[in-house]
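Chemist: Please find one structure pasted underneath; my questions will follow.
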Amino acid sequence: MRLIYLSLAWVLGIYLGSKFEIHWSVTVTLLGISALLIIPFFRKRNFIWYGLCLVLLFGGILRFHFVSEGDELQNYQGKFCKIQGIIAVAPQVKDQTTILRIEAKQVKVKDDGEWQDVSGVVQVYAPKFPGFTERDFPYYHYGDLIEFGGVPRPPESLQSETDFDFAAYLARQGIYSVVYSPANVKLIESGQKNDQMEWIHHLRRSISASLEKALPEPQCALAQAMLLGERSSISPEVSDDFSRSGTSHLLAISGVHVGIVAGIALSAGIWIFGRRRPTYFLLALAVIWLYVVLSGMSPSAWRAATMGSLWLWADWLGRQRSAFTALAFAAAIMLAINPRIMSDVGFQLSFAAMAGLVFLTPIIQNWARKVFGNKEGEVSSTLRFFITSFAVTLGAVLATLPLVAYYFEYISLMSMPATLFTLPAVPGIIVTSALTGLAGIFAPGIADILGWLPWFFVTYVIEVVRLSAAIPFASIDVEAGAPAVYTYYGILIAALWIPKNSSRIKGLTAIMKAHFLKVPGFVSRIPTKWIVLPLVIATILVWTAAITALDSRLHVYVLDIGQGDAILIQKENQQILIDGGPGSEEIMEELGDRLPFWDRTIELVVLTHPDADHITGLIEVLQRYEVEKILTSGQEHDSNLYMEWDDLIEEKGIEQINARVGQQVIMADGIFLDVLHPGETPIEGATTDLNTNSVVMRLKYENFSMLLTGDIEIEAEALLLKHDCRLKSTILKVAHHGSSSSTSPGFLAEVAPLIAVISAGEDNKFGHPTEEVLEKLEKAVGRESIYLTAEDGTIEFISDGEKLWAGTEN
């Protein structure tokens, strides 16, 4: 049990590190204190274990924050360059492209430049038919050294249709760059990877080709998927049938699949050989690792097979309870190697499926034996096989059900019966497909004859799946949030724990009952410690709310979010957020520091214009906060970011208003935001139309005023001067991060600010703010009245309508 506690402490630390931004110095301090606490209690073993749990908890937090979040190849993003690298995993052939994961070795920015050594992995969407003359289709092989030209770009998460975070998915695998439509793909050399893995990939290609010759479609595609993990050839109709019937896990060599197949292989081994050690155990182990090898040793398959092997080992020893200890320890080791896999769906499903086999399968087996066995609970070997298959299937399905509902937003009502009927054919598909594929390499004529065997098994599975999918309401769409998942597992854990600890519960209940009956009166019967703890917690919460509650003055924060814009206007519990900066983490951290923890509503979000350094952070804001209204410049953009922004607004039903001259936003207590720009007709022909047509607003609170200029350039400033807008303001938020394309002398003179504030990233590549603009501002307001987020951090202005206070973070 101690190893379980230590492993869970480490896993919990990784989880907390992934959810909360805790500075490394704080974590190191707590880690040191925990380690020192062990010394005084060295002779008291329990205290030592408690101390070690704390050390591992804080160590897990620290480990997560020291995970690398990039590679050298990111330095070349946005530039056209030539890259040489090795194909590191089996290529995925699609309809029009082939997806390659390339370990970059060298890069060259210009044709006349020199090759530079570089490290990093890039995902390349290469042409399906590159025109290699050295070999036939499929052209790309594992271990090939290839050269291509293209522009590395950061992967973008398109969440308009699903919640799948593509960028995070690639980051968990160490991929931070993608190249679309590479030019001049050339094969330099083959055989550049590990010889053994290259042999395995060559074997997989040969078996796949043999199956294509021996089996028709769709049987061939299903055999390739179940044996080799290649699912690209499965037709949409067949794939949809598997999805609706809840049997999609049969197409992927992952946690659910390996868990179920491990149980089936175990029961089959016992049925064939009996419990003569170690024959049945070795058979099941061989079946699992055959999957892994033939799937190309993919990370998900490897993790699932490792957990499955540990479960088999514990079962063989007759100590199934030890299996969970081994699983928890294996999970801790995997997270130590790569903490980011905690959020990986495959990892979670693998662990849940194995936990289901450990805890649920034995209970279901015992129940079934009592129902179908004789008085002693004995059953025939044939019936035992089906009972074990049923128990393994139900255990894995129950353990993974909430995760499937949460991530894939559906529950298949036919999953259990369809899986139960199809699983007996899975070992037959694996064995006969392997025999057919291997025979096709050496004797194609024999493979044609053997091909009838996998055809029979696969056809049976296809028909069962098709029939299950055709049943009305075979699957239902659900929206299960995280609380529902936690509740499900909480109830499941309680249901497993309570029967085994009934004596403890009865004893505790008796003690509590005796204690309550001692003193009359309900309140007096409650133990003091039970009253004190809730009161302490309530007091802490009340004082925390009181401390974090804002005063009645107006607060304006120019947030330090890097090279971009984000301004928060706050009056008591009302907030207006203008732009969101270039990243989600920065804006969420800033809002978390400024907004009361209990206030999750932002009354108005303003997008001055849809450039990435203004819109990116707002996407996360829309997802995490309740936004009541949105004010935009009315400009659209063809970027994926803008498409995601637009889809989120529609999905959440947020009211969207196009800003126009003369509009006024009213906050409480006489605070107004007047829209000064853009007009009905946008400015065209400027250097950057998006910037020039930014939303310009003037914040007014009695004697205090602030001009918020977005990224407008000289053309817009001239238009504002021409229309004789009321520009004079106490504070000027300098346009376009202090670029030389803005802040003209006439405009600055008309505003006549007392303070100037510039939002720009430290050492940014644009050189913002420029010396030219700084010189103008120094003449207008003096150097001491110029604030820069790059130097001062977040800048706060506070006003009661008469007085003004300014403060900086740094």
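Chemist: Assess whether K79 counts as being modelled with pLDDT under 90, over 22 Å from the mean Cα position of the chain (by Cα) and over 30 Å from S235 (Cβ atoms).
Modeler: yes
Chemist: Can you name the residue in the stretch 384-413 that is hydrophobic (A, V, I, L, M, F, W, C) and modelled with pLDDT of 80 or more and, of all such residues, is farthest from the chain's Cα centre (by Cα)?
Modeler: Checking each candidate, the answer is L398.
Chemist: Quick one: count up the residues across the stretch 583-611 that are under 24 Å from the mean Cα position of the chain (by Cα), assigned to a loop (DSSP other than H, G, I, E, B) and either of a type outside the set (A, V, I, L, M, F, W, C) or at positive phi (or both).
Modeler: Qualifying residue count, the stretch 583-611: 2.
Chemist: Which pairs turn up if I take residues in the stretch 232-250 that are acidic (D, E) and look for partners that are open to solvent by 60 Å² or more (accessible area, probe 1.4 Å) with beta carbon separation below 8 Å, at least 6 apart in sequence or on another chain?
Modeler: Taking only residues 6 or more apart or on different chains, the pairs are D241/R466.
Chemist: Also: Which number in (1) assigned to a helix (DSSP H, G or I); (2) under 27 Å from S243 (Cβ atoms); (3) hydrophobic (A, V, I, L, M, F, W, C) marks the one condition that F473 misses?
Modeler: (1) is the only condition that F473 fails.
Chemist: Something else now. Scan the stretch 672-690 residue by residue and report those that are at pLDDT below 90 and either part of a loop (DSSP other than H, G, I, E, B) or open to solvent by less than 20 Å² (accessible area, probe 1.4 Å) (or both).
Modeler: Selection gives H677, P678, G679, E680, T681, P682, I683, E684, G685, A686, T687, T688.
Chemist: Inspect all residues belonging to the stretch 405-417 and state whether any of them is assigned to a helix (DSSP H, G or I), of a type outside the set (F, W, Y), open to solvent by less than 10 Å² (accessible area, probe 1.4 Å) and farther than 21 Å from R205 by Cα.
Modeler: Yes: the stretch 405-417 contains one or more residues that are assigned to a helix (DSSP H, G or I), of a type outside the set (F, W, Y), open to solvent by less than 10 Å² (accessible area, probe 1.4 Å) and farther than 21 Å from R205 by Cα.
Chemist: Here are some residues: G617, G580. Which one is open to solvent by less than 20 Å² (accessible area, probe 1.4 Å) and in a helix (DSSP H, G or I)?
Modeler: Result of the check over G617, G580: G617.
Chemist: With the requirement that a residue be out of contact with any helix residue (DSSP H, G or I) (no Cβ under 8 Å at 6 or more places or on another chain), in a helix (DSSP H, G or I) and either touching a residue at least 60 places away in the same chain (Cβ under 8 Å) or closer than 16 Å to V121 by Cβ (or both), what does the stretch 170-201 give you?
Modeler: Selection gives L170, M197, H201.
Chemist: All but one of (1) without any contact (Cβ under 8 Å) to a residue 40 or more places away in the chain; (2) open to solvent by 10 Å² or more (accessible area, probe 1.4 Å) hold for T743; which doesn't?
Modeler: T743 satisfies every listed condition except (2).
Chemist: Report yes if some residue within the stretch 283-300 is within 23 Å of the chain's Cα centre (by Cα), crowded, with 22+ Cβ neighbours inside 10 Å, modelled with pLDDT under 75 and not β-branched (V, I, T); otherwise report no.
Modeler: The answer is yes; a qualifying residue exists.
Chemist: Out of everything in the stretch 124-157 that is open to solvent by 10 Å² or more (accessible area, probe 1.4 Å) and not in a loop (DSSP other than H, G, I, E, B), what residue ends up being modelled with the lowest pLDDT?
Modeler: Residue satisfying both the conditions and the ranking: P127.
Chemist: When you scan the stretch 563-577, how many residues do you find that are within 27 Å of the chain's Cα centre (by Cα) and open to solvent by 10 Å² or more (accessible area, probe 1.4 Å)?
Modeler: 1
Chemist: Something else: Of the residues that make up the stretch 201-219, is at least one within 28 Å of the chain's Cα centre (by Cα) and modelled with pLDDT of 80 or more?
Modeler: No, that holds for no residue.
The values are calculated or read from the model by the stated rules, or taken from the named source; none is laboratory data. From a predicted model like this one, the values you see are computed outputs, not experimental measurements. Here Cβ is always computed from backbone atoms with ideal geometry, including for glycine, and neighbour counts include all displayed protein chains. The area values use the complete protein model at the heavy-atom level, side chains included, leaving out ligands, DNA and RNA. Shrake-Rupley method; radii C 1.70, N 1.55, O 1.52, S 1.80 Å.
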